[in-house]
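Quick note: the coordinates plus some simple rules give every number you see, no bench work behind them. Here the structure is a predicted model, which is why all the values come from computation and not from measurement. In this analysis, Cβ positions are derived from the backbone assuming ideal geometry, glycine residues included, and neighbour counts consider all displayed protein chains.
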Amino acid sequence: MELLKECGGSLKENQKTQVYTSAGIFVIVFNCGIIASIESLFGAESLSQVYMHVTSLYEKHNDSLPCNFGYDDGCHLRRFAELRQGINARARHFWSTVGQYIFEDRFHWKNHKKSHSYCTSNCNPEKNSRIVGANTEICEQTFRWFSRHKYSVNCITPARFIFFLRIIAERHNEMILEQRQ
């Protein structure tokens, strides 16, 4: 009788689905739209995780990356990097080559507290002559493209999730390069 209970119902009813969730992903996108890096976030997006991802990327590819780095919470990331510049040689090198050039992207700057003196004097994209004409909103535009795939990843494992994102990021980069030719 127990065997009949196990076999009863449809296959769909008998399958237990497990939805995997991620704390999110951290994506680095060049000004031209090329996706340079995708990393999983653990827990919630924190300055320490972002700092570690960015410093390791710059440590690996320092010669081929721009020294200006826009981020939606640029003033806090810049301050985080500034406070850690004395920890070791890696942190000092990051601060001198990239950290001091972190800025707030224009999309988030307009809703940012302009009364905060550190941010206003160090991270204002409108007063940064190094990024004139740069598309600082490229990450938001790229996330819009990524969002087309959000229903495709609802029930896949974390490893497949990041694998899938890297595959579509590669396709995205190919499309950007095709458009530029």
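Are any residues in the range 110-123 farther than 18 Å from ALA134 by Cβ and in a helix (DSSP H, G or I), and if so, which ones?
If we filter the range 110-123 for residues that are farther than 18 Å from ALA134 by Cβ, which is where we start, we get 111, 113-121.
Hits for the range 110-123 are SER117, TYR118, CYS119, THR120, SER121.
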Legend entry - Residues that are touching a Leu at 6+ places or on another chain (Cβ under 7 Å) and more than 16 Å from ALA134 (Cα to Cα), drawn from the range 58-107: TYR58, HIS76, LEU77, PHE80
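This table checks each residue for (1) touching a residue at least 40 places away in the same chain (Cβ under 8 Å); (2) out of contact with any Ser or Thr (no Cβ under 6 Å at 6 or more places or on another chain).
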{"residue": "GLU45", "(1), (2)": "no, yes"}
{"residue": "HIS53", "(1), (2)": "no, yes"}
{"residue": "TYR58", "(1), (2)": "yes, yes"}
{"residue": "GLY70", "(1), (2)": "yes, no"}
{"residue": "GLY74", "(1), (2)": "yes, yes"}
{"residue": "ALA81", "(1), (2)": "no, yes"}
{"residue": "GLY86", "(1), (2)": "no, yes"}
{"residue": "ARG92", "(1), (2)": "no, yes"}
Legend entry - Top-ranked residue in the range 136-177 [being in a helix (DSSP H, G or I) and either in contact with a Pro (Cβ under 8 Å, 6 or more places away or on another chain) or among the β-branched types (Val, Ile, Thr) (or both); ranked as surrounded by the fewest Cβ atoms within 10 Å (Cβ to Cβ)]: ILE167
Legend entry - Residues (loosely packed, with under 15 Cβ neighbours inside 10 Å and either of a type in the set (Lys, Arg) or at positive phi (or both)) located in the range 77-108: ARG90, ARG92
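Of SER121, SER147, SER152, which residue is within 20 Å of VAL29 (Cα to Cα) and free of Cβ contacts under 8 Å to residues at least 60 places away in the same chain? Before the answer, list the steps.
Numbers: SER121 fails: within 20 Å of VAL29 (Cα to Cα); SER152 fails: within 20 Å of VAL29 (Cα to Cα).
After ruling out the rest, the residue left standing is SER147.
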Inset, instruction - Output the number of residues of the range 95-148 satisfying the condition of being in contact with a Ser or Thr (Cβ under 8 Å, 6 or more places away or on another chain) and not aromatic (Phe, Trp, Tyr). - result: 4
